[in-house]
Amino acid sequence: MIPYGRQQITEDDIQAVVDVLRSDFLTQGPVVPHFEQAVAEKVGAGHGVATNSATSALHIACLVLDLGPGDWLWTSPITFVASANCGLYCGARVDFVDIDPHTYNMSSEALAEKLAVAEREGRLPRVVVPVHFAGQSCDMAAIHALSERYGFHIIEDASHAIGGRYQGEPVGCGRYSDITVFSFHPVKIITTGEGGMAVTNDPELAERMTRLRSHGITRDPEQMTHAPDGPWYYQQIELGFNYRMTEMQAALGISQLARLDTYVARRNELAEEYNQMLAELPVITPWQGPDSLSARHLYPVRIPPEARWSRREVFEGLREQAIGVNVHYIPVYQQPAYQRLGDPLAACPTAEGYYSEAVSLPLFPTLTTEQQEKVVTTLRELVQ
Ligand SMILES: *Cc1c(COP(=O)(O)O)cnc(C)c1O
């Protein structure tokens, strides 16, 4: 089976993990802070808070922006459920903004329209989570301008987009958002097995996320309500979680991070190959905007009605030939867990149209030319 995405693990990666296993600390040692600093530096952010997943990072990011009951979080329907679930974890309600027909990212025009209506109805969002779908940045300048006018916070879900750029700057630099979240799941750009990170330029948000990641506990006397009882003393300031990353994961992350730019370059080369090989076929290839460099986490194509077989038949045909295609994503609001909430959820017709035609082709740095040719040959027979 050629999977749609997969990790690459080198001997250096393995050695880095083994070195930690032979060291004094498997958790809460020096390697996690080192990884946080390395990622923050790489993306041009002031602070990094490593977590056991991007899902956890999204949760604590929402909490430190004071999202709670009575508030709304808005995100894109074409994303993994975690981008929306973080709102529900905080007791907030979740709504969805339709996507742009070219980038499949949250549409800034749809967002502007929805905000104007929400303002009249008195239900403006507290937090908006733009998702950099497939690795291409959202139109962050426009979304940020709207945040100034309507007063919402922005968490970038950059789970697909570490190593990408927007208007010449790295995704994660925080020019247009409060917090950016990365995922290090094995199908993503670099991996720690499971793992995630929130980056921010605000030291107070970073400090509070660091505390929430570890039960809400601090050992910093400055954060305590009174002077420490003694050297053993710690205080739980608020209710937090165990969302910590291990030292082994961080060591793997540091080792992988050294290859980030090579990975993004290779993914872009492979995407360019697909663009050319698919140019004459009745499939719609992904559109790449001029003001960003996509990290190319996914290569989603659309199977339009003029193709020989339907999306479902094309999907099944590819799977029969051991090509591990996938569909990214089912509109989140169609999930039973969201339908059951009974909120008057907006229909997102562009998202639904995209979902009905989408198939993600295999794309990962170690995909070979022969594998890529097999994908294209098999696809050609199904659509032409
Ligand atoms: C993978 C992913 C997540 C969740 O990442 P985990 O690290 O698996 O928790 C969140 N949002 C998006 C868009 C993702 O693709």
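Calculated mean residue ellipticity, 222 nm, the chain: -11500 deg cm²/dmol, from DSSP H runs (n ≥ 4) at -39500 (n - 2.57) each, averaged per residue and rounded to 500. Return the single residue from ILE189, ILE217, ILE303 with maximal mean-square fluctuation; model: Gaussian network over the chain, springs between Cα atoms under 10 Å. Result for the chain, Cα springs under 10 Å: ILE217 fluctuates most. Sequentially through region 289-306, phi angles give Karplus couplings (6.51, -1.76, 1.60; θ = phi - 60°) of x, x, 9, 9, 10, 6, 6, 6, 4, 10, 10, x, 10, 10, 9, x, x, 6 Hz, Gly and Pro residues having no value and appearing as x. Taking θ as phi - 60° and the Karplus parameters 6.51, -1.76 and 1.60, the scalar couplings of region 325-332 work out to 5, 8, 10, 10, 9, 6, x, 4 Hz in sequence order, x denoting glycine and proline. Name the most mobile residue of VAL49, VAL31, VAL39, meaning the one with the largest mean-square fluctuation, in a Gaussian network model of the chain with Cα contacts below 10 Å. Between VAL49, VAL31, VAL39, it is VAL31 that shows the largest mean-square fluctuation. With both residues required to sit in region 11-260, DSSP beta bridges show an antiparallel share near 55%.
Across region 165-257, the volume of the C-alpha convex hull divided among the residues equals 124 Å³ per residue. Among CYS173, CYS348, the ranking by other beta carbons within 10 Å of each residue's beta carbon, starting with the fewest, stands as CYS173, CYS348. Exposure proxy shown here: for THR368, THR55, the number of other Cβ atoms within 10 Å sets the order, fewest to most, as THR368, THR55.
When THR366, THR210 are sorted by how many other C-beta atoms sit within 10 angstrom of their C-beta, beginning with the fewest, the order is THR366, THR210.
By the Stokes-Einstein formula, at 1.567 mPa s and 4 °C, the chain with its Kirkwood radius over alpha-carbon pairs has D equal to 60 µm²/s.
With θ taken as phi - 60° and the Karplus curve 6.51 cos²θ - 1.76 cosθ + 1.60 applied, the whole-hertz 3J(HN,Hα) list for region 191-208 is 10, 10, x, 9, x, x, 8, 9, 10, 7, 9, 9, x, 6, 5, 5, 4, 6 Hz, x standing for glycine and proline.
Here's how it looks for GLN28: its modeled amide H is under 5 Å from those of GLU247, which are all 5 or more places away or on a different chain. Taking 7 Å steps out from each Cα toward its Cβ at ALA227 and ARG319 produces label points 6.7 nm apart. On a C-alpha basis, how far is the centre of region 343-384 from the centre of region 216-259 in Å? Whole number, if you could? For region 343-384 versus region 216-259, the Cα centre distance is 41 Å.
FYI, it's all coordinate maths here, none of it is from the lab. In this text the structure is predicted, and so the values were computed from the model without any measurement. Methodologically, a virtual Cβ is constructed for each residue, glycine included, from the backbone with ideal geometry; neighbour enumeration extends over all protein chains shown.
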